[in-house]
1. Provide the FRET efficiency to the nearest 0.05 for the residue 122-residue 52 pair, computing r from the beta carbons and using R0 = 45 Å.
2. Please list, in order along the stretch 132-140, the HN-Hα scalar couplings obtained from phi with the Karplus expression 6.51 cos²θ - 1.76 cosθ + 1.60 (θ = phi - 60°), rounded to whole Hz, x for Gly and Pro.
3. Which of the following values of Cα extents along the principal axes in Å was calculated from the structure shown: (i) 67, 58, 24; (ii) 88, 47, 24; (iii) 71, 52, 30?
4. For a quick check, take a GNM of the chain with Cα springs below 10 Å and name the residue from 144, 31, 136 with the largest mean-square fluctuation.
5. Only helical DSSP H runs with n ≥ 4 go in: add -39500 (n - 2.57) per run for the chain, normalise by residue count and round the 222 nm mean residue ellipticity to 500 deg cm²/dmol.
6. How high is the relative contact order of the chain, in percent, counting Cα pairs under 8 Å that sit 6 or more residues apart?
7. Of the options 94, 37, 21, report the single residue whose Cα projects farthest towards the positive end of the charge dipole of the chain (beta-carbon charges: Lys, Arg +1; Asp, Glu -1).
8. Pull up all non-local amide H partners of residue 127: gap of 5 or more, or a different chain, and H-to-H distance under 5 Å with H placed in the peptide plane.
Amino acid sequence: MGTTLIQYRLSEELGIATKICAAIITAGGVAVFMTEQIAGTMLIGVGVIPFLMFKCIEIDMYSGTYCLGINLLGYTFGSREPYPGVKCIFIKKNRTIHQSSRHSWRATTSTSFDGFLWLDDDTKILLTQDSSKENALLKLQSFADQLKIEIKDLTAPLSHI
């Protein structure tokens, strides 16, 4: 029998600024703990939480539900919805045009590759967004393998679902 609980991490790894802030809060909590145990414990907890949580989608094949929420210490918090099944995972190109400001006369264009999970009830869930198509496909491939579905590439000319 295959895996009944499939989990995919939606959020990126913590940035250096977040890690530094969390470490400073934790260190401050240790310092405060020497005089005020309750306040110090709370600060230590707040400083450690960013290292222990991430946004994810969890599909429970056994109970037929999925949850789009926050995973903290292995448990996903969020509302459970009935899992209708999956049409496909697809990747498409997303071009964003930033309007010119008063300091710049040129509009800038950025391109990203967005990977979506398309459920049978027409719900589309953003799984990844990357500036490189290859990186986006690599991130999606393990999830597609777990679900035993293909990834459709909508970035090619004349492609459609």
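Bear in mind these aren't lab numbers, they're just calculated from the coordinates by the rules spelled out. Note that the structure is predicted; figures quoted are calculated from it, not measured. Positions of Cβ are backbone-derived with ideal geometry, glycine not excepted, and every protein chain shown enters the neighbour counts.
1. Working: r = 34 Å, r/R0 = 0.75.
Efficiency for this residue pair is about 0.85.
2. 10, 5, 5, 5, 4, 5, 5, 5, 7
3. Recomputing Cα extents along the principal axes in Å here picks out (i).
4. Judging by the Gaussian network model, the answer is 31.
5. Numbers: 3 runs with 49 residues, N = 161.
Estimated from H runs of four or more residues: -10000 deg cm²/dmol.
6. Relative contact order, the chain: 17 percent.
7. 94
8. The answer is 115, 116, 117.
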